[in-house]
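Notes follow the structure.
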Amino acid sequence: MMWEKALKYTRKHKRMIAVMMAGVIGFACFYSADASVIKDAKKKKNEAQQNLDNINQQINNIQSEQSKVKSQMAAYDEQLMSLLTDMELLKTDIDNKEGEIDQAKTDLAAAQEKEQQQYADMKKRIQYMYENGDDTFLDALVESEDISDLLNRVEYVSEVYSYDRELLVAYQETVQQVADLESQLEQELADMEELKQSYDQQEASLNQVINEKKAQIADFDSQLSNAKTLASQYASTIRKQNEVIAQEQARQEKARKEAEEKAKKAAKVGTKTSNSATTASTDSGTTDSTGGSSSSNNTASTDDSDSSSSGSSSTGLTNNGLNPSYSTGVSGSSVVSYATNFVGNPYVFGGNSLTEGTDCSGFVSLVYSHFGVSLPRSSYALQSSGQAVSYENAQPGDIICYPGHVAIYMGGGRIVHASTPSSGICYGNATYRTITMVRRVL
């Protein structure tokens, strides 16, 4: 009997162990299959995440370069607007100068007509006096009442002649002055026309640069669009792989629980035969299931963390009366005296030599640098240098600013400046163009 009971117990114990082993082996096979699916999903997800990080960096680089180009284009736009404003002022100055020239021509014609008329009248009177000279003096002698009257009559003839001559000389001087004024106005107009051509060239150059910048920005827009499309695709891949991982983890958890239930049921089969065996079996199953659960939970926790990281990662869509005091010890007259040494030297756009050639802003900055006064190199920047001065308070050594041009004030309404390629460094009238401002830098 004892032997039969022992044999029966052994058989039941073996069946229980066999059932438990079958459950463990089945779960292990299932877990192995699930782990392969999760591993593959994680690999795809990590690859997509790496690609997404790379494309996001590319997007940041493109946006940074695009921002730089936009800033450059904004600066060019500002230069173009300033240039267009200067061109409008220059056009007004040209129109006014043409009006002054027309008036000078009218005045010259009138002066010449008066000169010719005075000359004709003088010739007639001279001819008459010479033709009737003897009779005139004889009549003066006969008809005069006394010596005083005689002298007055003779003196009158002489005075008439002197008057005609002086009046003719005055008319001739007026004609010459008007002719000189017309010549001066014509030269000033020629300088403005030459400056207008320079403005036209600058406008064309700026428009070309702006169009190039616009093309660059358009290319950046295309690159950004493509990059963001790729980023969206990579983000979609990450989301899908997270779903795959989550689904496989859910299946794995379900399979683990089912295997655990089977193991528990198999363990209960031997409880009626041997409490000790059942207890041992149950403890072993519990320990294994708890360990398995811990491992599974850790895996799930890790995957959830990866999913959260993916979810939070970027998708890739990511004055009148102004007269300030002087602040230097440099004499304005000294500056003017030095500047006049270079009158007659050539005008060279962008040049930096007072003898070999320079432009208007170069002339000003080079002259002042001789006295230790550092000034900007462009005419636009010079309009913000030093302190503002009203024109009525301008002193020798101040800078006279025009639209796109600068000059050194000499005093008495005169300037010295690098005018144009045809005029070079020369003298001029301070009000020959619209004055935008006067700056004191000494």
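In the stretch 406-430, the residues that are open to solvent by less than 10 Å² (accessible area, probe 1.4 Å) reach residues that are of a type in the set (S, T, N, Q) with C-beta atoms within less than 7 angstrom, at least six apart or across chains, in these pairs: V406/S361; V406/S379; V416/T340; A418/T358; G424/N345; I425/N345.
When the residues of the stretch 225-267 are narrowed to those that are open to solvent by 70 Å² or more (accessible area, probe 1.4 Å) and under 21 Å from D40 (Cα atoms), which ends up nearest to the chain's Cα centre (by Cα)? It comes out as Q233.
Per the conditions (1) more than 57 Å from the chain's Cα centre (by Cα); (2) surrounded by fewer than 16 Cβ atoms within 10 Å (Cβ to Cβ); (3) at pLDDT 80 or above, the sole criterion not satisfied by T271 is (3). Each residue in the stretch 87-111 was checked for being closer than 18 Å to Q177 by Cβ and modelled with pLDDT of 75 or more, and 11 pass. State whether one or more residues within the stretch 49-59 are modelled with pLDDT under 50, out of contact with any Gly (no Cβ under 9 Å at 6 or more places or on another chain) and either aliphatic (A, V, I, L, M) or open to solvent by less than 60 Å² (accessible area, probe 1.4 Å) (or both). No, every residue in the stretch 49-59 fails to be modelled with pLDDT under 50, out of contact with any Gly (no Cβ under 9 Å at 6 or more places or on another chain) and either aliphatic (A, V, I, L, M) or open to solvent by less than 60 Å² (accessible area, probe 1.4 Å) (or both).
Residue-by-condition table, conditions (1) open to solvent by less than 30 Å² (accessible area, probe 1.4 Å); (2) more than 24 Å from D77 (Cα to Cα); (3) in a helix (DSSP H, G or I); (4) not aliphatic (A, V, I, L, M):
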site: V178; (1), (2), (3), (4): yes, yes, yes, no
site: S198; (1), (2), (3), (4): no, no, yes, yes
site: L206; (1), (2), (3), (4): yes, no, yes, no
site: E212; (1), (2), (3), (4): no, no, yes, yes
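A quick yes/no check of all residues on (1) at negative phi; (2) at pLDDT 50 or above; (3) out of contact with any Pro (no Cβ under 7 Å at 6 or more places or on another chain); (4) not assigned by the TED database to the domain that holds S64:
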position: R239; (1), (2), (3), (4): yes, yes, yes, no
position: A255; (1), (2), (3), (4): yes, yes, yes, no
position: A267; (1), (2), (3), (4): yes, yes, yes, yes
position: D283; (1), (2), (3), (4): yes, no, yes, yes
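The residue pairs whose first member lies in the stretch 88-117 and is among the small types (G, A, S), whose second member is surrounded by 13 or more Cβ atoms within 10 Å (Cβ to Cβ), and whose beta carbons are closer than 8 Å, counting only pairs six or more residues apart or on different chains, are A104/V178; A104/L181; A104/E182; A104/L185; A111/Y171; A111/T174; A111/V175; A111/V178.
None of Y402, Y368 is surrounded by 19 or more Cβ atoms within 10 Å (Cβ to Cβ) and over 24 Å from the mean Cα position of the chain (by Cα) except Y368. Within the stretch 377-388, restricting attention to residues that are at pLDDT below 90 and not hydrophobic (A, V, I, L, M, F, W, C), the residue that is surrounded by the fewest Cβ atoms within 10 Å (Cβ to Cβ) is S384.
The values are calculated or read from the model by the stated rules, or taken from the named source; none is laboratory data. As the structure is a prediction and not an experimental result, all values here were calculated from the model. Note that we place each Cβ from the backbone using ideal geometry, even for glycine, and neighbour counts take in every protein chain shown. Surface accessibility is based on the protein's heavy atoms, side chains included, excluding ligands, DNA and RNA. Shrake-Rupley method; radii C 1.70, N 1.55, O 1.52, S 1.80 Å.
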